[in-house]
Amino acid sequence: MQTIGQLDPLRSAVAALRGDGPIALVPTMGALHQGHLSLIREARARAAHVIVSIFVNPRQFGPSEDLATYPRPIEADSALLEAEGVSLLWLPDPAAMYPAGYATTVSVSGVADNLCGAARPGHFEGVATVVTKLFNQVGPDMAFFGEKDWQQLAVIRRMARDLDLVQPAAPAIYGVATVREKDGLALSSRNAYLSPSERANAASLPRAMRSAIAAIAAGAPYRDALETLRQTLLAAGFSSLDYAEVRDADTLALREAPHPDPARLFVAARIGKTRLIDNMALIAPA
């Protein structure tokens, strides 16, 4: 596996790989876990070469968020990527990604305005900007993102459609199903912040979400099911919820009653100092 930290050598290395067939990109911020590895394995099944980027993007962190403490176990991450057969690790530093005088931001309206976009102002501008740069730097034929960050996936697909990107084009931006622990908690690098008691209580999140989805499928009003979810999480040790909403799976428009188009339940909740997000598909009422 090659490890490259500067743009010109990256482009030369990618050009050398391209003759073997399609190239897939898996963008990450490191602190890799089985969720990331599931993306890499899906990419390897579809492409001749997989490139993984690790970049803790300062532009998607708010002033009071965890940029300084975000885990950066690069040696362990590199070993995992080597074992998974990754061809190239793109490891730029902030100065390589945002050189002196950098002045451009990519902003996506609509799908970025609600949920985490409302709770974390500027977050998705940071995401859209860095992913646009990663796509332009690597020029992949396809890219892979986890469905745990469903809104992020929607933002990136909308960006690719609106900007007429071709490497990758929007249909080649794949979502991969959320990987979960045995108790249902979605894998996340931020799970490492949880104390043992917080980690045990965090399993209430997926359980409460499944209960709300089951209640809605049985005919309960959305408002009632979501209020029960909220009270369940607060009783389980969560300190607050940023949101608990049902939204259209594609447009992220708010849904307050059954609708023929697919929808998902989105939750962001805080336990201790950790903010956890999750989403699940709704089940159509019988």
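Computed from the coordinates by the stated procedures, all read-outs in this text should not be read as laboratory data. Given the structure is predicted, the values throughout are model-derived calculations rather than measurements. Backbone-built Cβ (ideal geometry, glycine too); neighbour counts: all protein chains shown.
In table form, for the structure just shown:
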quantity: Gyration tensor over alpha-carbon atoms, the chain, equivalent ellipsoid semi-axes in Å; calculated: 33, 21, 18
quantity: Label-point gap, in nm, between SER240 and ASP164 - each point 7 angstrom along Cα→Cβ; calculated: 4.4 nm
quantity: Long-range HN-HN contacts of SER53 with modeled amide H, under 5 Å; calculated: VAL26, THR28, TRP90
quantity: Estimated vicinal HN-Hα couplings, Hz - the range 62-72 in sequence order (Karplus 6.51, -1.76, 1.60; Gly, Pro = x); calculated: x, x, 9, 8, 9, 4, 5, 9, 4, x, 9
quantity: Longest segment of the chain lacking trypsin sites (Lys or Arg not before Pro) that sit in a DSSP loop with at most 13 other Cβ atoms within 10 Å; calculated: 1-181
quantity: Rg and Dmax of the range 4-98, Cα atoms only, in Å; calculated: 13.9, 45
quantity: Two-decimal Rg to Rh for the range 93-175 - Kirkwood Rh, Cα set; calculated: 0.96
quantity: Tail weight of P(r) past 25 Å, computed on alpha-carbon pairs of the range 56-205, percent; calculated: 36 percent
quantity: Three-way shape label, the range 189-279, alpha-carbon gyration tensor, a/c 1.5; calculated: prolate
quantity: For the chain, share of DSSP beta bridges that run antiparallel, in % to the nearest 5; calculated: 50 percent
quantity: Exposure rule at most 16 other beta-carbon atoms within 10 Å, DSSP loop GluC sites (Glu not before Pro): the chain longest free segment; calculated: 66-180
quantity: Relative exposure of SER64, SER211, SER195, SER87, judged by other C-beta atoms within 10 Å (fewest first); calculated: SER64, SER195, SER211, SER87
